[in-house]
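The values are calculated or read from the model by the stated rules, or taken from the named source; none is laboratory data. Being a predicted model, the structure only gives us computed values, none of them experimental. Because the Cβ atoms are built from the backbone with ideal geometry, glycine has one as well, and the counts that use them run over all protein chains shown. These accessible areas exclude ligands, DNA and RNA; they are computed on the full protein's heavy atoms, side chains included. Shrake-Rupley method; radii C 1.70, N 1.55, O 1.52, S 1.80 Å.
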Amino acid sequence: MKIFAITTVAALLLTGAIAQGQTYSEYKFVFSGTAYQTNSKGVLVSWPITEQTLLKSRAVQGNIQNLNTISIVYHINGNPLGDTVEIIENNGTYLTTEFGLYFGADSALGRTAVGTPTSGERRIDPMYTFDNSEYTYSNSDSVGAAFTYKHYVKVSNKLTNAVIQGSMSWAAIPTGTNTSPILCIGTFSLGKPMF
């Protein structure tokens, strides 16, 4: 884990050096996990899912034929309530929110983070989904949680890079072609800076 973190920081520092003076708020979202569902015979089945799986389900829903025109990104402070995972066009145009990661350090709700973003912060972010897709559904309450590690690395007076990673799990009730609930569990991290 230490080697991974050092490699990630080094890669972000190198990327940041190229950016010269830019601080990013949107990064490629990298996800690797497993989806679980009970099939029509009552047997628990599973399959691997990645950020591309999530992106493809949204592309089908939006009738987008070319996946190379869209991305799934982690948007720091994408909403006043917290960070978001969004589907965007590659020019930065917002299409939809896949997940809201809200209230992880909301003292009014009795929630707190441990550490600080500059020294390394760990938090539990309740996850929200807002509409129906293969892996999400419209719900006003949290559908899971992300166990998030955040660390901001100041590269220069004008440039800060983010290291954000963790695990997440959420559920989606039957909608559309889903015949039974789906439970998804996996890990996430940031990829290359986008905007």
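Computed values, structure above
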| read-out | value |
| --- | --- |
| Interchain or long-range residues, amide H under 5 Å from I49's placed H | G33, T34, A35 |
| The chain: angle of helix 2-19 to the longest principal axis, Cα-based, in degrees nearest 10 | 70 |
| Size-normalised alpha-carbon gyration radius of region 49-195, reference 2.2 N^0.38 Å | 1.07 |
| Degrees, to the nearest 10: 51-61 long Cα axis against longest axis of the chain | 60 |
| Other-chain or far-sequence residues with amide H under 5 Å of N132's (modelled H) | S138 |
| Size of charge dipole - the chain - debye, nearest 20, with Cβ of Lys, Arg +1 and Asp, Glu -1, no other charges | 540 |
| Surrounding net charge for Y137, when Lys and Arg each add one and Asp and Glu each subtract one, Cβ distance under 15 Å | -3 |
| Per residue accessible area in Å² of region 93-195, where ligands, DNA and RNA are left out and the probe is 1.4 Å | 47 |
| Most positive-pole-ward Cα, T93, G191, N68, against dipole of the chain from beta carbon charges | G191 |
| Coordinate range along principal axes, alpha carbons of region 142-194, Å, largest first | 52, 21, 16 |
